[in-house]
Amino acid sequence: MRKTILASSVALFALSAPAAAADLETERQLGLIVSGVVDQWTGVQIIDAGQDDDTVFTNGGEGRLSLPLGDNLSIQSDVKYEYNSNALESPGDNDVIGPRYSFQGAAHVSWRDPSSFLLGAFGGAGVTSFGRRKYDVRFIGGEAQVYLDDITLYAQGGYVDYANTQTTGLVALSSPTPDDGLFARGVLRWFLTPDSRIQIEGTYVNLDLVSAAFGSAGEAEIFSAGARYDFTVGGLPVIGDTPFYVAYRGTFRDNCAFGDDLDDHTFMVGTSYSFSGDMLTVDRQGATLDTPNFDHGCVGELPQQPSDRRLKTDIVALGETEDGIKLYSWKYKSDLVTTWVGVMAQDLEVTHPQALVTGADGFYRVNYSGLGVQMMTLEQWNARHL
C-alpha cells in the first residue's frame, strides 16, 4: 500500500516533466516583498463509504500574509477554513453524521533566494470536526522550494498530533481515533503566464490510532491528490480583470472509516486576490507558503463492536436473518439519542462463538464481518426495508 502511494506521488511530478517552458519575458527585481493573498471557493463534495454516495455542498477560504525581515529572511502566516453542509440525501441513506468543518492557522519562517530556492520551518494548530468527533490539531514541520524558470517544486514533511476533545454516540465506546503521525506533501506549480498556472499536488499521512477500550488500534493511511488551474478573466463589467480558479481534490483512506474505508471527491471553483503583484511574483518573492488541510475525516475501523446486552436499553426484537441470527433495535445506555440495529452478543455464545471477543472491561464485542450482518442506525434500517 505505501509503495503504491509513494509511486503515485512521484508520478504526479513526472506528469509535467515533459512540458515545454513558457516564455514569461518579465523583468523582475528579485527581492522579498510584503505580500498578501486571499482565496475563497465553493463547491460540491461526493463522499463514498463503500455503499451509497452522498453529496454535500462545501466551501472554504484561505488568507496568507508574508513580511520580509531583510534580504532573504521572511515570516509568513496562513489561515484556512473549510465547511460542509449536512448530506443532501435522507438521514437514513448517508454516511455523514452532521456537518464537517475545520479551521487551522500556521506560521512560517524561511530563508529564500528568489532566483533559486527556499528553506523553512512551520508550525500551527487548528480544530476539526467530522461526524460525531471533534479534535484539536497541532502540527510542525520543514519545507523547501526549488525555482526552475516557470516551474516551482514545493516539498513539506512533518509531525501532526490529534487530541479528541468531543465524542458522542457509538464511537465513544468503540471506534479508534487518530492519535499522531507523520505527513509528507509534494506540489508542482507550472506558470503558463505570470497570471496563470497549473498546480498538481499529493499528500500522504500515516496515523497511529488509539481506542479508549483497547489502547493501540493500528495505523491509518490517507492519500490526497489534487489539481488546480488559475486564470484571469479580463474586462468584466464593474469589477474589471478577475482571477478565478477551478480545482479538484480526492482523499483516499485506508483503515480510516467506521465500517468501511471512506473516500471523497471535491470539485471547487473560486477566486484568488493578491495585493502584491501577479501570481509568479507572489510565488517567488511573497506569500508562497501554505499547509495541508489536516481535516482528514478519519474515524478508525474496528471490526469488534460493543454488542453486550448489559450495555443496551430499549431493546426491541425485529426478526431473524435467513441464517437464524436474531436482530434487535436498541439504544446504548451511554447514548440515549441514537437507536441502533444489530445483534445481541449473548445470543451468539452458542451459535457463533468465533464472532465474540471479550474486551478488557469484561463486555462482549462482536465481529460483524464474520456474521454477514451489518450494524446500522434504525433510520438506515427503515430506509432499506420500506
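Between TYR83 and ILE46, the simple label model (points 7 Å from Cα in the Cβ direction) yields a spacing of 2.6 nm. Per-residue accessible area (protein heavy atoms, 1.4 Å probe) orders TRP190, TRP41 as TRP190, TRP41, starting from the largest. Partners of LYS312 within straight-line reach, counting lysines whose Cα lies under 25 Å from its Cα and excluding those fewer than 8 residues away in the same chain: LYS134, LYS326, LYS331, LYS333.
Ordered by solvent-accessible area of protein heavy atoms (1.4 Å probe), largest first, the residues LYS326, LYS80 come out as LYS326, LYS80. Note that the stretch 179-184 has calculated 3J(HN,Hα) couplings of 10, 7, x, 10, 9, 9 Hz, one per residue in order, obtained from phi through the Karplus relation 6.51 cos²θ - 1.76 cosθ + 1.60 (θ = phi - 60°); glycine and proline are x.
The values are calculated or read from the model by the stated rules, or taken from the named source; none is laboratory data. It should be emphasised that the depicted structure is a prediction, and the values quoted were computed from it without experimental measurement. Note that we place each Cβ from the backbone using ideal geometry, even for glycine, and neighbour counts take in every protein chain shown. SASA here: full protein model, heavy atoms, side chains in, ligands and nucleic acids out. Shrake-Rupley method; radii C 1.70, N 1.55, O 1.52, S 1.80 Å.
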